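The next block holds one structure in the form of structure tokens; read it before the comments.
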Amino acid sequence: MIWKQDPILILKENITLPDYVLVDYKASTVKRLYPPGIFNELVATFTFQRLYGFYILQVYSLSALYVLISWISFYLGPSNIPSRTTVGVNSLLALTFQFGSVVSGLPKTSDVKAIDVWILFSMAFIFASLIELAIVGYLTRYEATNIVTCHCSWLCMKCPEWTAYKLDK
């Protein structure tokens, strides 16, 4: 049995999918060896391209906005610990929920995707601002007595001693 020499008509009209664009399609025949004999097979290949507009608007720009919102706590001053905590924790929670909703819509793979790296680095920036908040909270507990001394001159040349007001500026 041999397939027709003329290519078959696969698509009569353009097909639209929510997240993809059909870039190319082709049909070909291949001879395969099976235990009963050699058979011709029809192979249809479809090439899709993912649309990234949704991910740029809903993931990358929003996660960058969450990181910037978490940095607002740096401008609130070292005495506003409750409001700084609220801003930082809410930013981290919003980013975590967004990450969960995005991952549920992506294909399940064991590979690390670029969006995973982006979200994890965004979470790391927000978590670092919360660590800075904890250090400032410790230093402001007893205004004059809490001083953190840096014993690593290779890391910070200009500030061997940190107080809450030096660290928060």
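The values are calculated or read from the model by the stated rules, or taken from the named source; none is laboratory data. Worth saying up front: this structure is predicted, and the values here are computed from it rather than measured. Quick reminder, even Gly has a Cβ in these numbers, built from the backbone with ideal geometry, and neighbours come from all protein chains shown.
Taking Ser122 as the residue in question, decide whether it is in a helix (DSSP H, G or I), over 12 Å from the mean Cα position of the chain (by Cα) and at pLDDT 85 or above.
no
Suppose the filter is in the same structural domain as Ala128 (by TED's automatic domain parsing), surrounded by 15 or more Cβ atoms within 10 Å (Cβ to Cβ), of a type outside the set (A, V, I, L, M, F, W, C) and within 25 Å of Arg141 (Cα to Cα); does Pro82 pass it?
no
Please go through region 16-46 and pick out each residue that is surrounded by 11 or more Cβ atoms within 10 Å (Cβ to Cβ) and under 21 Å from Lys113 (Cβ atoms).
Once the filter is applied, which keeps residues that are surrounded by 11 or more Cβ atoms within 10 Å (Cβ to Cβ) and under 21 Å from Lys113 (Cβ atoms), region 16-46 yields Asp19, Tyr20, Val21.
For the structure I just gave you, tell me whether Gln5 is polar (S, T, N, Q), farther than 20 Å from Glu132 by Cβ, at pLDDT below 80 and outside the structural domain of Ser104 (by TED's automatic domain parsing).
When the stated conditions are applied, Gln5 passes them.
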